[in-house]
1. Could you grab me the full set of residues in region 170-208 that are at pLDDT 95 or above, charged (D, E, K, R) and in a loop (DSSP other than H, G, I, E, B)?
2. Just checking, which of Ile252, Ile203 is out of contact with any Gly (no Cβ under 9 Å at 6 or more places or on another chain) and either crowded, with 22+ Cβ neighbours inside 10 Å or without any contact (Cβ under 8 Å) to a residue 60 or more places away in the chain (or both)?
3. Restricted to region 275-298, and to residues that are in contact with a helix residue (DSSP H, G or I) (Cβ under 8 Å, 6 or more places away or on another chain) and free of Cβ contacts under 8 Å to residues at least 40 places away in the same chain, which residue is surrounded by the fewest Cβ atoms within 10 Å (Cβ to Cβ)?
4. Could you list, in sequence order, all residues of region 230-258 that are more than 21 Å from Thr106 (Cβ to Cβ), assigned to a loop (DSSP other than H, G, I, E, B) and acidic (Asp, Glu)?
5. Which condition from (1) small (Gly, Ala, Ser); (2) assigned by TED's automatic domain parsing to the domain that holds Asp297; (3) closer than 30 Å to Leu148 by Cα is the one that Ala112 breaks?
6. Report whether or not Gly78 is small (Gly, Ala, Ser), within 18 Å of the chain's Cα centre (by Cα), surrounded by 16 or more Cβ atoms within 10 Å (Cβ to Cβ) and modelled with pLDDT of 95 or more.
7. Restricting to region 264-274, what's the tally of residues that are surrounded by 14 or more Cβ atoms within 10 Å (Cβ to Cβ) and assigned to a loop (DSSP other than H, G, I, E, B)?
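The values are calculated or read from the model by the stated rules, or taken from the named source; none is laboratory data. Bear in mind that the values here come from a model prediction, so they are computed numbers and not experimental data. Ideal geometry is used to build each Cβ from the backbone, glycine not excepted, and the neighbour counts take in all protein chains shown.
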Amino acid sequence: MRIAILDDYQSVALTMADWSPLKERAEIAVFTDHVTDEAVLAERLAPFDILCVMRERTPLRRHLIEQLPNLKLIASTGPVNAALDVAAAEERGIAIMHTGYSSTPTIEMTWALILASQRHLVREVSSVRSGGWQRMVGGDLHGRTLGLLGLGNIGGAVARIGGAFGMRVIGRSKNLTPEKAAAVGAVAVPKEQLFADADVVSIHMLLSRRTRGLVDAGAIGLMRRNAWLINTSRGAIVDEAALLDALVQRRIAGLAVDVFDEEPLPADHPFRTMDNVLATPHLGYVSEGLYRTFYGDTVRNIVDWLDRGDP
């Protein structure tokens with residue numbers, strides 16, 4: 001069997017799990033680059049029986065799957081993969097397996113972005129490295145309002161941490177009740193009030209037809225000039241054109257973002273150079289603990305599949 005590990009950006013896949021159970025049973029190839037050209041990708045992947053994909057980095061759509069004659073198993077990290085055409089795989093008899101997951105790294109990343117944005121850490125670090133010293137006055141969290149669009153598992157945990165910082169926490173989710181909000185130290189409010197009142201708005205919703213573009217020009221237009229928008233969920237939840245306009249016109253203080261409409265972020269994208277944007281390369285789930293879960297479960301999944309004699 002031939003196994004391809006895709007998008008191993010940090011070249012760590014083989015060190016994050018014990019792959020020895022597969023050593024005598026398969027040939028493993030690791031690809032550290034990201035390929036967007038489907039023709040190039042199809043040619044690269046055509047010889048492989050098993051593809052190990054990291055979350056949604058490389059979409060496996062129908063047209064690509066149909067060009068992979070040897071493919072028998074897709075081992076995807078995480079419990080779901082929105083970039084995988086499940087129906088197309090099933091029609092060709094291709095098995096799909098998933099791994100465990102933890103939302104803790106994303107919760108931690110959210111607060112890393114909130115804190116870094118409020119204290120202007122990137123610009124201050126750059127000042128020190130270039131021989132300078134203090135340049136800006138940081139913002140406070142205590143006594144300010146944290147607005148959470150989405151108050152589920154991740155949003156609820158972010159809410160509790162906000163309370164520990166002494167913030168007033170407000171939230172909005174589908175089917176959110178006052179009781180559910182109070183359980184995590186928040187107050188349920190309408191969407192319009194959330195955007196108008198919050199000093200920090202943080203998004204914690206799944207991307208769906210209902211949530212795509214949910215943070216539109218109207219919502220962004222309600223935000224305060226001193227407010228920051230934080231997004232560690234999915235880029236497409238926000239109307240990027242409306243957001244860019246607000247940032248260019250400085251109608252909001254800034255954006256701290258870990259997710260984008262197109263990933264990797266194009267080299268010429270404005271987010272890379274704007275001084276009121278703190279952009280990170282989708283690091284929310286990129287932690288040692290979760291990587292060990294992802295790759296450890298992947299190895300076990302492949303071994304189980306081979307042991308069952310599915311090939």
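1. Asp199
2. Working: Ile203 fails: out of contact with any Gly (no Cβ under 9 Å at 6 or more places or on another chain).
Residue meeting the stated conditions: Ile252.
3. Filtering region 275-298 for residues that are in contact with a helix residue (DSSP H, G or I) (Cβ under 8 Å, 6 or more places away or on another chain) and free of Cβ contacts under 8 Å to residues at least 40 places away in the same chain, the one surrounded by the fewest Cβ atoms within 10 Å (Cβ to Cβ) comes out as Asn276.
4. Just the residues of region 230-258 that are more than 21 Å from Thr106 (Cβ to Cβ), to begin with: 239, 241-242, 244-253.
Still in the running and assigned to a loop (DSSP other than H, G, I, E, B): 239, 249-253.
Correct list: Asp239 only.
5. With respect to (1) small (Gly, Ala, Ser); (2) assigned by TED's automatic domain parsing to the domain that holds Asp297; (3) closer than 30 Å to Leu148 by Cα, Ala112 is out only on (2).
6. Numbers: small (Gly, Ala, Ser): yes; within 18 Å of the chain's Cα centre (by Cα): yes; surrounded by 16 or more Cβ atoms within 10 Å (Cβ to Cβ): yes; modelled with pLDDT of 95 or more: yes.
Here the answer is yes, as Gly78 does meet what is asked.
7. Residues in region 264-274 being surrounded by 14 or more Cβ atoms within 10 Å (Cβ to Cβ) and assigned to a loop (DSSP other than H, G, I, E, B): 4 in total.
For every residue, the table says whether it meets (1) out of contact with any helix residue (DSSP H, G or I) (no Cβ under 8 Å at 6 or more places or on another chain); (2) of a type in the set (Ser, Thr, Tyr); (3) at pLDDT 95 or above; (4) crowded, with 19+ Cβ neighbours inside 10 Å.
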position: Glu91; (1), (2), (3), (4): yes, no, yes, no
position: Ala95; (1), (2), (3), (4): no, no, yes, no
position: Pro105; (1), (2), (3), (4): no, no, yes, yes
position: Leu113; (1), (2), (3), (4): yes, no, yes, yes
position: Ser117; (1), (2), (3), (4): yes, yes, yes, yes
position: Leu151; (1), (2), (3), (4): no, no, yes, yes
position: Arg160; (1), (2), (3), (4): yes, no, yes, no
position: Phe165; (1), (2), (3), (4): yes, no, yes, no
position: Arg168; (1), (2), (3), (4): yes, no, yes, no
